[in-house]
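Asks: This is the structure I want to talk about, given as structure tokens.
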Amino acid sequence: MNNFNIIKKIIAKNTGIKLKNLLPNSCSADFVKWDSISNIKIMIAIEKEFKKKISTSKMSELDSIKKIENYLNK
């Protein structure tokens, strides 16, 4: 499974947004359910899944699927 699909599943699980509604260019501004609290949950789940620490200041910047993917690919 590629990173995009893993990230999509994590976001869907932590926000209640349907998988089919999450596209490669989706961001938190597109969904009311993807708020600051769910973004923290998403970041924690991504840290666990990819075994990569994300600083608190970076977490608020990672507010789209593209940004999360780019961060993980660094």
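A short reminder: the numbers here are calculations on the coordinates, not readings from a lab. Just so it is clear, the structure is predicted and the values come from calculations on it, not from any experiment. Glycine also receives a Cβ, built like all others from the backbone with ideal geometry; neighbour counts cover every protein chain displayed.
Asks: Modelled label-to-label distance, residue 72 and residue 60, 7 Å Cα→beta-carbon offset: nm?
Replies: 2.4 nm
Asks: Something else now. Rg and Dmax in Å for the chain, alpha carbons only: what are they?
Replies: Calculated on Cα positions, Rg and Dmax stand at 10.8, 29 Å.
Asks: In the structure displayed, which of 8/67; 9/41; 13/33; 33/58; 52/74 lie more than 18 Å apart, Cα to Cα?
Replies: 33/58
Asks: Let me ask something additional. Could you give the size of the charge dipole of the chain about its Cα centre, using +1 on the Cβ of each K and R and -1 on the Cβ of each D and E, expressed in debye and rounded to the nearest 20?
Replies: Working: 15 positive and 7 negative charges, 55 e Å.
Dipole of the chain, to the nearest 20 debye: 260 debye.
Asks: By average Cβ neighbour count within 10 Å, what is the ranking of 61-69, 20-28 from highest down?
Replies: Ranking the peptides 61-69, 20-28 by packing returns 61-69, 20-28.
Asks: Could you tally the net charge around residue 18, taking each other residue with its Cβ under 11 Å from the Cβ of residue 18, Lys/Arg +1 and Asp/Glu -1?
Replies: So the environment of residue 18 carries a net charge of +3.
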